[in-house]
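The values are calculated or read from the model by the stated rules, or taken from the named source; none is laboratory data. Keep in mind that what you see is a predicted model, and the values were worked out from it rather than measured. Using ideal geometry, Cβ is built from the backbone for each residue, glycine included, and neighbour counts are taken over all protein chains shown. Ligands, DNA and RNA are excluded from the accessible area calculation, which covers all protein heavy atoms including side chains. Shrake-Rupley method; radii C 1.70, N 1.55, O 1.52, S 1.80 Å.
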Amino acid sequence: MPSQQKDLYLPRPAEIREVIAENSQIKTFVLSFVDRQYHDKFSYAPGQFLMVSIPHCGEAPISVSSTPANGGTIHLSVRRAGKLTEAMHDMKKGDVVGLRGPYGRPFPMTDLAGRDLLFVAGGIGLAPLRSVINTCLAAGHGRRITILYGSRTPSDIAFQADLATWGQTANVSCLLTVDRAEPGWEGDVGLVTALLAQCCLAPRESKALLCGPPMMIRAVLAELAGRGFADEDIITTMERHMKCGVGICRHCHMDDKLVCKDGPVFTLEELKRLNVLELRG
Amino acid sequence: MTDKYILKKDHLLPLLRKLKKTHRLIAPVQNRHGDTLFTVIDNLDEVRIDLENQAQNSLKQFFFPQQETLFSYSNPAGDSYHFEPVAEEIPPTLYFGVRPCDLAAVLYLDVVFLKNAKDPNYLQKRQNSILVGLNCNDPFASCFCNATRNGPFTDCGFDLQLTDLGDRFLVEYDRSRGQEIISQWRQFFAQAGEQDVKAQYQAFLEARGKFKLQVHLDQAVKKLAEDEVPDSVWEELSMRCQDCGGCAYICPTCTCFTISDLQTSDHAGERIRSWDACTFSGFTRMAGGHNPVDRQMRGIEKRFRHKLQFDVKKDNRPSCVGCGRCVNICFGGTDIVRFINMTCCENS
């Protein structure tokens, strides 16, 4: 859908319909374009991102956490991390932000059909995977889905409504862990890799989708390799500083690739051909 | 009959006067401080067009200004936020005296700004441009366009191309717009003869032998492709780099930019794009502080890999055009020629 060349950098106003506080650091903003006609034609795929404009704060890339089937609204889950996201966290229902996109290469949804799916996420990393999971469920994914989600503390667990729904869905198992327990927490404590040990997986019939902090990614990759997952069956989405989102400004370079255009979704096979700091540790 | 013409040097100014009536004219002009810069010429009688020295700037700033407004915005209240394109009138512009390195650079900018997505600001300026080149009879001290293979003479990419033959210019065209200028102002142009073409070839042969720098660019390209550049080279150069961004700003093919908001009142502002440099530590730093590039050890790596490895892989030619400007501006000693020489020395 992007872009009439004249509008390449021009955002469109989008109204905040609802703000969901996921935890103290993450809010999900439910948005729709002010221009109804544009909104109705707007579509995206799981794994793609939008450039979000906030007055006087410039723009930042945020991956879409909803699914195109999600009643038409666009969900952006935003962690408080810098000037723009701070300002966004102060916004309320009825306020207007600017959006342009969607950009980037999405998750290979057709490759996921007919496979067992393993999702491993840490913190805000569940946001882009949430879009994939709900899209798969809406499409009636017939194979097993395993979701492993790590948070710092029990009160940091985001997307609780989704986690509850997934936990009650047939063929889906959803396991949570935290780095530090709090009073009342009876679940697992430790790294998501420990949850992996509890899972019965069929690597040759599976695809693994990961998103989270670099340390988590490295630990999970080692574990998956040990379990016999092939590099092309492990998929992740990369985060980089971005300015244009359309493959020109070059801020998001990763060797000869640009994360905004060639990614943000990459298979491990693709990443291993690049010099990626997150994988080196 | 050839497609080549002769323009007597006496006819140059009258021709430019005619062209200036319909075009904004930009040419290398020597200012009163003795510096030669590509400059917008208001009055041809008041400036000295300098075709002897290399212009300190390239054409980059005219197609991709150091700072430009992408659009303006207003947010009179939280529940309203409007974006207005900024209408900028770009007059048809004739660039005169463009050397092969700077011409090659514009052709590279076309790839950057028009291949993936069509950048509207660039496209508008580029569509409105006519490029009149000048082959280099006397390469300058820091030039190495022979190594990057886009000079000292070129035979494509221009609208018109001039070669200095002493009392006259040999004129060639590559684009229809160049041909139109010749037909429209036919009185200034005479058909070139065999002798003129021979003289041009002689000038080319002589120019080719006048390069002072020896730059083993092919060898560096090969080493990068084969991943044979030792970490110590990146480390030494990264530590030496003073992070001034001078090389990127002066470079005719460095195009990295940043985008930010310039607040003009409580409820309005402009979205600005400005030149950036991949050597700056903030270039890759994300919100929250994580930086996926080890700045101290590899801060300068991207700059040379991009020009000499990634672009070669993608477009089959390096995106350094051998103009030598970074050689003259770098006080840290980390310009591209140093990198190439260090890389090639490491082998021996």
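Residue-by-condition table, conditions (1) more than 21 Å from B:F257 (Cα to Cα); (2) within 14 Å of chain A (Cβ to nearest Cβ):
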{"residue": "B:F62", "(1), (2)": "no, no"}
{"residue": "B:Q66", "(1), (2)": "no, no"}
{"residue": "B:T69", "(1), (2)": "no, yes"}
{"residue": "B:S74", "(1), (2)": "yes, yes"}
{"residue": "B:H82", "(1), (2)": "yes, yes"}
{"residue": "B:P91", "(1), (2)": "yes, no"}
{"residue": "B:R99", "(1), (2)": "yes, no"}
{"residue": "B:D102", "(1), (2)": "no, no"}
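If you go through region A:265-275 one residue at a time, how many are in contact (Cβ under 8 Å) with a residue 24 or more places away in the chain and open to solvent by less than 30 Å² (accessible area, probe 1.4 Å)? Write out each step before concluding.
Applying the first criterion (in contact (Cβ under 8 Å) with a residue 24 or more places away in the chain) to region A:265-275 yields A:265-269, A:271-272.
This time we only want the ones that are open to solvent by less than 30 Å² (accessible area, probe 1.4 Å), so: A:265-268, A:271.
Looking only at that region, the number is 5.
For the subset of region B:77-107 comprising residues that are at pLDDT below 95 and β-branched (V, I, T), which member is surrounded by the fewest Cβ atoms within 10 Å (Cβ to Cβ)?
Checked region B:77-107; the qualifying residue surrounded by the fewest Cβ atoms within 10 Å (Cβ to Cβ) is B:V86.
Restricting to region A:12-39, name every residue that is out of contact with any His (no Cβ under 9 Å at 6 or more places or on another chain), among the hydroxyl-bearing types (S, T, Y) and farther than 17 Å from A:D90 by Cβ.
A:Y38 - this is the single residue of region A:12-39 that is out of contact with any His (no Cβ under 9 Å at 6 or more places or on another chain), among the hydroxyl-bearing types (S, T, Y) and farther than 17 Å from A:D90 by Cβ.
Please go through region B:108-126 and give me each residue that is among the hydrophobic types (A, V, I, L, M, F, W, C) and open to solvent by less than 40 Å² (accessible area, probe 1.4 Å), ordered by number. Break it down into steps so the answer makes sense when it comes.
Narrowing region B:108-126 to residues among the hydrophobic types (A, V, I, L, M, F, W, C): B:109, B:111-114, B:117, B:123.
B:L109, B:V112, B:F113, B:L114, B:A117, B:L123 - these are the residues of region B:108-126 that are among the hydrophobic types (A, V, I, L, M, F, W, C) and open to solvent by less than 40 Å² (accessible area, probe 1.4 Å).
Here is a list: A:P108, A:P102, A:P128. Which entry is closer than 24 Å to A:I234 by Cα, within 14 Å of chain B (Cβ to nearest Cβ) and at pLDDT 95 or above?
Working: A:P108 fails: within 14 Å of chain B (Cβ to nearest Cβ); A:P128 fails: within 14 Å of chain B (Cβ to nearest Cβ).
Residue meeting the stated conditions: A:P102.
Which of the residues spanning region B:127-139 are modelled with pLDDT of 95 or more and either in contact with a strand residue (DSSP E or B) (Cβ under 8 Å, 6 or more places away or on another chain) or crowded, with 18+ Cβ neighbours inside 10 Å (or both)?
Start the filter on region B:127-139 by keeping residues that are modelled with pLDDT of 95 or more, which leaves B:129-139.
Of everything in region B:127-139, those that are modelled with pLDDT of 95 or more and either in contact with a strand residue (DSSP E or B) (Cβ under 8 Å, 6 or more places away or on another chain) or crowded, with 18+ Cβ neighbours inside 10 Å (or both) turn out to be B:S129, B:I130, B:L131, B:V132, B:G133, B:L134, B:N135, B:C136, B:N137, B:P139.
Looking at region A:2-22, is at least one residue touching a residue at least 24 places away in the same chain (Cβ under 8 Å), within 14 Å of another protein chain (Cβ to nearest Cβ) and closer than 18 Å to B:M286 by Cα?
no
Just a yes or no: is a residue in region B:175-185 in contact with a Ser or Thr (Cβ under 8 Å, 6 or more places away or on another chain), surrounded by fewer than 21 Cβ atoms within 10 Å (Cβ to Cβ) and not assigned by TED's automatic domain parsing to the domain that holds B:N328? Show your work before the answer.
Initially, region B:175-185 is screened for residues in contact with a Ser or Thr (Cβ under 8 Å, 6 or more places away or on another chain), giving none.
No, that holds for no residue.
Which numbered condition trips up A:E59, out of (1) touching a helix residue (DSSP H, G or I) at 6+ places or on another chain (Cβ under 8 Å); (2) in a strand (DSSP E or B); (3) away from chain B (no Cβ under 13 Å); (4) touching a residue at least 60 places away in the same chain (Cβ under 8 Å)?
(3)
Scanning region B:162-173 for residues that are out of contact with any Ser or Thr (no Cβ under 9 Å at 6 or more places or on another chain) and over 14 Å from B:L94 (Cβ atoms), which turns out most open to solvent (accessible area, probe 1.4 Å)?
In the first step, residues of region B:162-173 are kept if they are out of contact with any Ser or Thr (no Cβ under 9 Å at 6 or more places or on another chain); the result is B:162-168, B:173.
So of that shortlist, the ones also over 14 Å from B:L94 (Cβ atoms) come out as B:163-168.
Numbers: B:T163: 0, B:D164: 42, B:L165: 26, B:G166: 50, B:D167: 103, B:R168: 57 Å².
Only one residue tops the list, namely B:D167.
In region A:221-236, what count of residues is obtained for those that are in contact (Cβ under 8 Å) with a residue 12 or more places away in the chain and surrounded by 14 or more Cβ atoms within 10 Å (Cβ to Cβ)?
Residues meeting the conditions: 11.
Among the residues of region A:40-50, are any surrounded by fewer than 20 Cβ atoms within 10 Å (Cβ to Cβ), out of contact with any His (no Cβ under 6 Å at 6 or more places or on another chain), not assigned by TED's automatic domain parsing to the domain that holds A:I217 and not in a loop (DSSP other than H, G, I, E, B)?
Yes - at least one qualifying residue is present in region A:40-50.
With A:R204, A:R218 as the choices, which residue is in contact (Cβ under 8 Å) with a residue 40 or more places away in the chain, more than 30 Å from A:Y9 (Cα to Cα), open to solvent by 30 Å² or more (accessible area, probe 1.4 Å) and in a helix (DSSP H, G or I)? Before the answer, list the steps.
Numbers: A:R204 fails: in contact (Cβ under 8 Å) with a residue 40 or more places away in the chain.
It is A:R218.
Report, by residue number, each residue of region A:131-153 that is assigned to a helix (DSSP H, G or I) and open to solvent by 20 Å² or more (accessible area, probe 1.4 Å). Don't jump to the end; show me each part of the working.
Let us first name the residues in region A:131-153 that are assigned to a helix (DSSP H, G or I), namely A:131-138.
If the condition is that a residue be assigned to a helix (DSSP H, G or I) and open to solvent by 20 Å² or more (accessible area, probe 1.4 Å), then A:N134, A:T135, A:L137, A:A138 are the ones that fit.
May I ask you to list the residues in region B:255-271 that are closer than 23 Å to B:F62 by Cα, open to solvent by 10 Å² or more (accessible area, probe 1.4 Å) and more than 7 Å from every other protein chain (Cβ to nearest Cβ)?
B:L262, B:E270, listed by residue number.
Has region A:230-237 got at least one residue that is within 14 Å of chain B (Cβ to nearest Cβ) and assigned to a helix (DSSP H, G or I)?
Checked against the condition, which is being within 14 Å of chain B (Cβ to nearest Cβ) and assigned to a helix (DSSP H, G or I), region A:230-237 yields no hits at all.
When you scan region A:92-127, how many residues do you find that are closer than 30 Å to A:R180 by Cβ and either open to solvent by 10 Å² or more (accessible area, probe 1.4 Å) or in a strand (DSSP E or B) (or both)?
Of the residues in that region, 8 qualify.
Return yes when A:D262 is more than 14 Å from every other protein chain (Cβ to nearest Cβ), modelled with pLDDT of 90 or more and open to solvent by 30 Å² or more (accessible area, probe 1.4 Å) and no when it is not. Steps first, answer last, please.
Working: more than 14 Å from every other protein chain (Cβ to nearest Cβ): no; modelled with pLDDT of 90 or more: yes; open to solvent by 30 Å² or more (accessible area, probe 1.4 Å): yes.
Judged against the criteria, A:D262 is not a match.
What do you reckon, is B:D3 modelled with pLDDT of 95 or more and among the acidic types (D, E)?
Values: modelled with pLDDT of 95 or more: no; among the acidic types (D, E): yes.
No; evaluated as a whole, the condition is false for this residue.
In region B:106-136, which residue that is more than 8 Å from chain A (Cβ to nearest Cβ) and among the polar types (S, T, N, Q) is farthest from B:L70 (Cα to Cα)?
Step one: list which residues in region B:106-136 are more than 8 Å from chain A (Cβ to nearest Cβ), which gives B:106-111, B:114-115, B:121-122, B:124-136.
From what is left, the residues that are among the polar types (S, T, N, Q) are B:121, B:124, B:127-129, B:135.
Values: B:N121: 8, B:Q124: 13, B:Q127: 18, B:N128: 18, B:S129: 20, B:N135: 35 Å.
Once the filter is applied, the top-ranked residue is B:N135.
Could you give every pair whose Cβ atoms fall below 8 Å, whose first residue belongs to region B:290-308 and is facing chain A (nearest Cβ under 8 Å), and whose second residue is among the aromatic types (F, W, Y) and open to solvent by less than 40 Å² (accessible area, probe 1.4 Å), counting only separations of at least 6 or pairs across chains?
Close Cβ pairs satisfying both conditions: B:V293/B:F283.
Restricting the search to region B:313-337, which residues are buried (at least 18 other Cβ atoms within 10 Å of the Cβ), within 22 Å of B:G151 (Cβ to Cβ) and over 16 Å from the mean Cα position of the chain (by Cα)?
B:C330, B:D335, B:V337
Being of a type in the set (A, V, I, L, M), at the interface with chain A (Cβ under 9 Å from one of its Cβ atoms) and either in contact (Cβ under 8 Å) with a residue 24 or more places away in the chain or open to solvent by less than 20 Å² (accessible area, probe 1.4 Å) (or both): is that true of B:I340 here? Steps first, please.
Working: of a type in the set (A, V, I, L, M): yes; at the interface with chain A (Cβ under 9 Å from one of its Cβ atoms): no; either in contact (Cβ under 8 Å) with a residue 24 or more places away in the chain or open to solvent by less than 20 Å² (accessible area, probe 1.4 Å) (or both): yes.
For B:I340, the condition - of a type in the set (A, V, I, L, M), at the interface with chain A (Cβ under 9 Å from one of its Cβ atoms) and either in contact (Cβ under 8 Å) with a residue 24 or more places away in the chain or open to solvent by less than 20 Å² (accessible area, probe 1.4 Å) (or both) - is not met.
Please pick out the residue among A:G247, A:G212, A:G187 that is out of contact with any Ser or Thr (no Cβ under 6 Å at 6 or more places or on another chain), outside the structural domain of A:T85 (by TED's automatic domain parsing) and surrounded by fewer than 15 Cβ atoms within 10 Å (Cβ to Cβ). Before you say what the answer is, go through the steps one by one.
Values: A:G247 fails: surrounded by fewer than 15 Cβ atoms within 10 Å (Cβ to Cβ); A:G212 fails: surrounded by fewer than 15 Cβ atoms within 10 Å (Cβ to Cβ).
Exactly one of A:G247, A:G212, A:G187 is out of contact with any Ser or Thr (no Cβ under 6 Å at 6 or more places or on another chain), outside the structural domain of A:T85 (by TED's automatic domain parsing) and surrounded by fewer than 15 Cβ atoms within 10 Å (Cβ to Cβ), namely A:G187.
For region A:230-281, give me each residue that is touching a His at 6+ places or on another chain (Cβ under 9 Å) and within 19 Å of A:L129 (Cβ to Cβ).
A:E239, A:R240, A:V259
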